[in-house]
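Asker: Sharing a structure here in structure tokens format.
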Amino acid sequence: MSHRPLSYQNEIEALAQSYGLDYFPVQFEQVPPSFMVEVAVYGLPVRMPHWSFGVRYIYQLIQHRMGHSHIFEVVIPGNPGHAYLADTNRETENILVTAHVLGHADFSKNNLLFRRVQEQAGYHIVEQAANHAQRITMAIEEHGMEAVERVLDAAFALEQHIDTHQDLRRPLYADIERSTPPTSAGPSGGASQDAFRDRFAHLPGSIALPERSPRTAASMPPHPESDLLWFIAHYAPDLDGWERDILLAVREESFYFKPIFACQIMNEGWASYWHARLLREARFLPDEMYVDAIKTHSDVVRPYAGDAQISLQVNPYHLGFSLWEHIIEHHGLDVARQIMASEDDFGFIRNYLDEDLARRLDLFHYTTRRRGREAVVHDRDIDALKETLLAPKYHYGAPHVQVTEMRRDGTLVLQQDHALDQRGLEMDSARKVLEYIHAIWRRPVVLYSVTGQGKEARLAVGE
């Protein structure tokens, strides 16, 4: 690994700061392409070991070798931030990447969701993840690989099933009941305590929700619980302390990755806008370097892959970059920074993607038939288009499943909100997840859902 300063790094940073970019220090490192693939797969330089990362690594490696994926950089937000650049990048590519990274750093420091999660999970995720990995290694030495992998299987199967509207270190139900006065608001007691909750506390047109009907003291959970990792970690009947630590470590890392997932279009678009703008204003760059860097920019934000003239997938760099240019052109940079600070991809797409821009970007809503071999464009209705773009982002990209009951015999009852998801479950995959849960819950596990064909389904393991 190389920590040498990148070409024109100091000049680019000075230019970025002159335009108001505000970010924590960033540590740039040049690393081999193989290490880049590992960081892209794991999300971090060091992470707890699990076979699922090996599967992802093979897929990413194949994509890279076939020319379908070129990883210029991987950015890890924090204080300091970390940016890993492939040591095979050309000098002009690293000039663009340097500016791109600074856009990411500005976004992650100032966006409300990023800031809230980092304030709770910590600004040193690289070191924290390495510590988690070390604890897993110690657990393997003490309890054996098979026992540890059983817990990791369940943890990673549920890593998307968290609730970031709750605090990372939220209190147990009994602690809430003891500490919450009858008149206090919110599930964690008291009024909203941070700007993230305040942002959504009083939306226009919102109505007061009816109070939950009282449940008996024996009811568990006292209300449907969306944070499956948290619930199982704290309420599984026979979970050992070291098993609980693993579940909570995976949950903590999943909290950290949530803003990256929830703000991908905004974040990549913001970084792309700023690398393009800083390059345009970089008078210190030789002309040939500028032209070469701008060619790389065109490749990054192009709407279609290769020589294709149409795409059934959206390039988040292209969509985000186009939206930010549109917003800044019509509303100015100050308004854009306010949007950057307060929104995630849901608000960004719903509030700022209009019909004119969608038509100019040639975006459309479609479905497939004949087992995916044929695409049918239904319409260009802007609301349907927005929901199509956002559908993969609901609930961290996973079905919305809640704990609805823990029976007296310890049976765990789960319910998928298929009306909200507007989709059923793939039953074989769902059963496998239930088997992972059952292995650590050690009591029967039941899931109520619907199949992909819309038929009611009940899956049970351990009955």
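The values are calculated or read from the model by the stated rules, or taken from the named source; none is laboratory data. Only a predicted model underlies this, so the values are computations on that prediction, with no experimental measurement involved. Please note: Cβ atoms are built from the backbone with ideal geometry, for glycine as well, and neighbour counts cover all protein chains shown.
Asker: Starting from residues that are within 10 Å of ILE382 (Cα to Cα) and among the basic types (Lys, Arg), keep the ones in the stretch 345-365 and report whichever is surrounded by the most Cβ atoms within 10 Å (Cβ to Cβ).
Answerer: ARG350
Asker: Within the stretch 10-34, which residues are under 20 Å from ASN111 (Cβ atoms) and among the polar types (S, T, N, Q)?
Answerer: Within the stretch 10-34, just GLN17 meets the criteria.
Asker: State which residue pairs qualify: first residue in a helix (DSSP H, G or I) and inside the stretch 342-362, second residue small (Gly, Ala, Ser) in any location, beta carbons under 9 Å apart, and separation of 6 or more residues or different chains.
Answerer: SER342/ALA195; ASP345/ALA262; ASP345/GLY320; PHE346/ALA262; PHE348/GLY269; PHE348/GLY320; LEU357/SER322; ARG360/SER322
Asker: Filter the stretch 248-293 down to the residues that are within 30 Å of ALA233 (Cα to Cα) and not in a helix (DSSP H, G or I) and list them by number. Explain how you work it out, then say what you get.
Answerer: Step one: filter the stretch 248-293 for residues within 30 Å of ALA233 (Cα to Cα), giving 248-264.
Within the stretch 248-293, just CYS263 meets the criteria.
Asker: Only one of SER52, SER69 is at pLDDT below 95, closer than 17 Å to THR296 by Cβ and not basic (Lys, Arg); which? Quick ask: steps written out before the conclusion?
Answerer: Values: SER52 fails: closer than 17 Å to THR296 by Cβ.
The conditions single out SER69.
Asker: In this structure, does SER108 turn out to be modelled with pLDDT of 95 or more, of a type in the set (S, T, N, Q) and either within 17 Å of the chain's Cα centre (by Cα) or more than 20 Å from PHE28 (Cβ to Cβ) (or both)? Can you show your working first?
Answerer: Numbers: modelled with pLDDT of 95 or more: yes; of a type in the set (S, T, N, Q): yes; either within 17 Å of the chain's Cα centre (by Cα) or more than 20 Å from PHE28 (Cβ to Cβ) (or both): yes.
In short, yes.
Asker: Additional query: Can you tell me how many residues within the stretch 6-28 are without any contact (Cβ under 8 Å) to a residue 24 or more places away in the chain and surrounded by 13 or more Cβ atoms within 10 Å (Cβ to Cβ)?
Answerer: 1
Asker: Hey, could you check the stretch 103-149 for residues that are farther than 30 Å from ALA16 by Cα and among the acidic types (Asp, Glu) and say which is surrounded by the most Cβ atoms within 10 Å (Cβ to Cβ)?
Answerer: Filtering first and then ranking leaves GLU149.
Asker: So HIS418 fits all but one of (1) touching a His at 6+ places or on another chain (Cβ under 9 Å); (2) surrounded by fewer than 16 Cβ atoms within 10 Å (Cβ to Cβ); what number is the exception?
Answerer: Only one criterion in (1) touching a His at 6+ places or on another chain (Cβ under 9 Å); (2) surrounded by fewer than 16 Cβ atoms within 10 Å (Cβ to Cβ) is unmet by HIS418, namely (2).
For (1) out of contact with any Leu (no Cβ under 8 Å at 6 or more places or on another chain); (2) among the β-branched types (Val, Ile, Thr), each residue gets a yes or a no:
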residue	(1), (2)
ASP238	yes, no
TRP242	yes, no
ASP245	yes, no
VAL250	no, yes
PRO259	no, no
ILE265	no, yes
LEU278	no, no
ASP292	yes, no
HIS297	no, no
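Asker: Another question, if that's okay. ILE162: in contact with a Ser or Thr (Cβ under 6 Å, 6 or more places away or on another chain) and closer than 26 Å to SER52 by Cβ, yes or no?
Answerer: Values: in contact with a Ser or Thr (Cβ under 6 Å, 6 or more places away or on another chain): yes; closer than 26 Å to SER52 by Cβ: yes.
So ILE162 passes the test.
Asker: Could you tell me whether any residue of the stretch 368-381 is under 21 Å from PRO303 (Cα atoms) and either modelled with pLDDT of 90 or more or basic (Lys, Arg) (or both)? Outline the logic, then answer.
Answerer: Of the residues in the stretch 368-381, the ones under 21 Å from PRO303 (Cα atoms) are 368, 374-381.
Narrowing the set further to residues that are either modelled with pLDDT of 90 or more or basic (Lys, Arg) (or both) leaves 380.
Yes, because at least one residue in the stretch 368-381 is under 21 Å from PRO303 (Cα atoms) and either modelled with pLDDT of 90 or more or basic (Lys, Arg) (or both).
Asker: Quick one: ALA83 ticks every box in (1) touching an Asp or Glu at 6+ places or on another chain (Cβ under 9 Å); (2) in a helix (DSSP H, G or I) bar one, so which box is it?
Answerer: All conditions are met except number (2).
Asker: Out of the residues in the stretch 233-247 that are touching a Lys or Arg at 6+ places or on another chain (Cβ under 9 Å) and not in a loop (DSSP other than H, G, I, E, B), which is farthest from LEU96 (Cα to Cα)? Break it down stepwise before answering.
Answerer: Of all residues in the stretch 233-247, those touching a Lys or Arg at 6+ places or on another chain (Cβ under 9 Å) come to 233-234, 236-239, 242-243, 245-246.
Those left that are additionally not in a loop (DSSP other than H, G, I, E, B): 233-234, 242-243, 245-246.
Numbers: ALA233: 44, HIS234: 46, TRP242: 45, GLU243: 44, ASP245: 41, ILE246: 39 Å.
Only one residue fits best here, namely HIS234.
Asker: Which condition does VAL401 not pass, out of (1) surrounded by 14 or more Cβ atoms within 10 Å (Cβ to Cβ); (2) at pLDDT below 90, if it passes all the others?
Answerer: Of everything listed in (1) surrounded by 14 or more Cβ atoms within 10 Å (Cβ to Cβ); (2) at pLDDT below 90, VAL401 misses just condition (2).
Asker: For the stretch 336-361, which positions are under 14 Å from TRP324 (Cβ atoms) and aliphatic (A, V, I, L, M)?
Answerer: Matches in the stretch 336-361: ALA336, ILE339, MET340, ALA341, ILE349, LEU353, LEU357, LEU361.
Asker: What residue, among those in the stretch 435-461 that are in contact with a His (Cβ under 7 Å, 6 or more places away or on another chain) and modelled with pLDDT under 95, is surrounded by the most Cβ atoms within 10 Å (Cβ to Cβ)? Please lay out each step first, then the result.
Answerer: Restricting attention to the stretch 435-461, the residues satisfying the condition of being in contact with a His (Cβ under 7 Å, 6 or more places away or on another chain) are 445, 449-450, 461.
Remaining after also requiring modelled with pLDDT under 95: 449-450.
Working: SER449: 22, VAL450: 17.
The qualifying residue surrounded by the most Cβ atoms within 10 Å (Cβ to Cβ) is SER449.
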